[in-house]
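Heads up: the structure comes next, in C-alpha cells.
What follows is calculated from the coordinates using simple rules that are stated; it is not laboratory data. Only a predicted model underlies this, so the values are computations on that prediction, with no experimental measurement involved. Counting neighbours? That spans all protein chains shown, and the Cβs are built from the backbone with ideal geometry, glycine included.
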Amino acid sequence: MDAEKIIARAEQQCAAAFLRTEKIEQSNVSRLMDVFSKNKVAQRHFSGSTGYGYDDEGRDALERIWAGIFSSEKALVRPQLMSGTHAIAVALLGNLRPGEEMLAISGKPYDTLMDVIGSEENPVEGSMYSLGIAYRELEAENARVNIPFVLKNLRPETRLVHMQRSRGYAWRRALDIAEIEAVAEAIHAARPDIVVFLDNCYGEFTDIREPRVDLMAGSLIKNPGGGIAPTGGYIAGREKYVQRAAARLSAPGIGEEIGSYEAGYRLFYQGLFLAPHVVSEALKGSILLGEVFSLLGYEVSPAPGEPHGDIIQAVKLGDRETLIDFCQMVQSASPVDAHVLPEPWAMPGYSDEVIMAAGTFVSGASIELSADAPMREPYIVYVQGGLCYAHVRLAALRIVDKMLAKGRVASGVLAGLDGKI
Ligand SMILES: *Cc1c(COP(=O)(O)O)cnc(C)c1O
C-alpha cells in the first residue's frame, strides 16, 4: 500500500463534492463580474492616494463593489483594518455603548475576541468590559442556535447579537446561510433595534452568496483577499451600523471619508476577483484531507459528504506524535520556510502548548495552507487554506507517507483499504 494509492482512492470519492464546489465557484465568479462591470472598474481604480485620502476613487469603488457582493448597503474595506480581530472589534465597539449588552448565540466566540470582550477575571484595558458593556453567552451545542431560546433570552439592554459562521478552532460545525438568516429574521421581528452581527471569517465564498445580516466583518488575509491582498479587513452591513464602525475606526465626524494607501488597490481588486477560485481550491483541499483521514479511520469534521460552511478541516488525530508529524509534513510542503521544523511551544495567552505550521507568502495568511493545534487530548489538528489544490494534495501525500513509514495506520484499516483500492 502506498500513499499515492490512498490519496487517489480518496480523490475518487470526492468527485461529487468537488463538482459542488466548482459550481459554487462559477456562480460566485459570475456574481462578481456583474458587480465589477456595474461599477465600471478601470485601471485608475488601482492607483493609491496619499495624505487624508479624501475622494480616493480606488478605495470608494472597492467599497461599493464589496457592498454589492456582500448583500450590504455599505462596506469598509481598508488596509487600516489590521486584522480580522481588529475589524470585528471596530464593528462591535463602534456599535455598543456603556450599559448595553452583547449576546453571543452560536457558542463561545473566537479566542482573540475574548480579550476584546473582557471580563471581571480578564479586565483588559479598552475591552467591552472595561467600558461598561455587558456580555452574555448562550449555550449552543455544536453551534445549533435555538431561536425560541434566543428570543426568550433577549433583555431590554441587549443591543447586539453575535454569531460566528466558522467553526474557528473548535470541534463544531459551521453555520449555514439559511440558518443565519432565519435567526436574523426572528430577532428583527421581535426586536428591530438589535444589531445582528456575524463574524464571517473563513466563510466567504464557500456558498453562492453571503448571509444577509445587519453587520459582518472579516479578514483580507483569509478568503476574500484571494491570497494576494497584502493586509486588511472589512466591515459590511446596514449603512448606519457601518458608519458607526467608521467613526470608531477613524474619528467621530470624519468616519469613512479619510484613509489613504499609497501602494494602491490592485491587489485588493485582483484578490477579490481570485477569491472564489482560491476558496474553491482550498475547499477541495479540505475535502480531500477529510476523505483521506476518514479512510484511515479517523474522526473528521466536517465528515465526508457534509457541507463545508468554512474552509477549515478538523481531524481528531488522537496522539501527540501523529499531530507533530502532521504539522511538520505540512510545513515541509510549504513554498516558504519549508526548511523550518515546527515544534509545540507555550504561546502567550494559551493554556496548552500549541503547534503551528505555515509557510506563507503573506505573513500569517491562513488562506494559504496552514495547520494549527493545541497540544491536548484528543489532539485535533485544524487545517485550512491552500492557494491551489495540487499543493494541498502534495501535503496530504507527504503526511500519509510519513504515517505509513512510521506504521501509524492500523493494519486492519490497511487491509480494508487493500480490498477497496
Ligand atoms: C481568524 C479569525 C478571527 C480573527 O482574525 P485575525 O485576522 O486572526 O485577527 C476571528 N474569527 C474567526 C472565526 C476567525 O477565523
Looking at (1) farther than 30 Å from residue 351 by Cβ; (2) touching a residue at least 60 places away in the same chain (Cβ under 8 Å), which is the only condition residue 98 fails?
-> (2)
Would you please list the contacts, defined by Cβ atoms under 9 Å and residues six or more apart or on different chains, that run from a residue in the range 364-381 that is touching a residue at least 40 places away in the same chain (Cβ under 8 Å) and more than 14 Å from the ligand (Cβ to nearest atom) to a residue that is basic (Lys, Arg) and not in a loop (DSSP other than H, G, I, E, B)?
-> 375/320; 378/316; 379/316; 379/320; 380/316; 381/316
Single unsatisfied condition, residue 281 versus (1) touching a residue at least 40 places away in the same chain (Cβ under 8 Å); (2) acidic (Asp, Glu); (3) under 17 Å from residue 173 (Cβ atoms) | (3)
In the range 99-135, residues that are surrounded by 15 or more Cβ atoms within 10 Å (Cβ to Cβ), of a type in the set (D, E, K, R) and more than 16 Å from the ligand (Cβ to nearest atom) total 2
Condition check for residue 343: touching a residue at least 12 places away in the same chain (Cβ under 8 Å), within 15 Å of residue 169 (Cα to Cα) and surrounded by fewer than 21 Cβ atoms within 10 Å (Cβ to Cβ) = no
Restricting to the range 136-159, what's the tally of residues that are assigned to a strand (DSSP E or B) and either within 16 Å of the ligand (Cβ to nearest atom) or within 25 Å of residue 286 (Cβ to Cβ) (or both)?
-> 1
Scanning the range 187-220 for residues that are buried (at least 23 other Cβ atoms within 10 Å of the Cβ) and among the β-branched types (Val, Ile, Thr), which turns out nearest to the ligand (Cβ to nearest atom)?
-> 206
The range 235-249, residues that are outside any helix (DSSP H, G or I) and within 15 Å of residue 59 (Cα to Cα) | 235, 236
Examine the range 336-349 for a residue that is farther than 19 Å from residue 201 by Cβ, within 16 Å of the ligand (Cβ to nearest atom) and in a loop (DSSP other than H, G, I, E, B), and state whether such a residue exists.
-> yes
Quick one: would you say residue 183 is surrounded by 24 or more Cβ atoms within 10 Å (Cβ to Cβ), within 15 Å of the ligand (Cβ to nearest atom) and not in a strand (DSSP E or B)?
-> no
Within the range 169-215, track down each residue that is basic (Lys, Arg) and without any contact (Cβ under 8 Å) to a residue 60 or more places away in the chain.
-> 191
Which residue, of 238, 244, 248, is out of contact with any helix residue (DSSP H, G or I) (no Cβ under 8 Å at 6 or more places or on another chain), more than 16 Å from the ligand (Cβ to nearest atom) and in contact (Cβ under 8 Å) with a residue 12 or more places away in the chain?
-> 238
Taking the range 77-98 as the region of interest, how many residues are more than 14 Å from the ligand (Cβ to nearest atom) and either closer than 13 Å to residue 201 by Cα or in contact with an Asp or Glu (Cβ under 6 Å, 6 or more places away or on another chain) (or both)?
-> 1
Determine which single condition residue 358 fails, assuming it passes every other condition in (1) within 16 Å of the ligand (Cβ to nearest atom); (2) touching an Asp or Glu at 6+ places or on another chain (Cβ under 9 Å); (3) touching a residue at least 60 places away in the same chain (Cβ under 8 Å); (4) under 28 Å from residue 22 (Cα atoms).
-> (3)
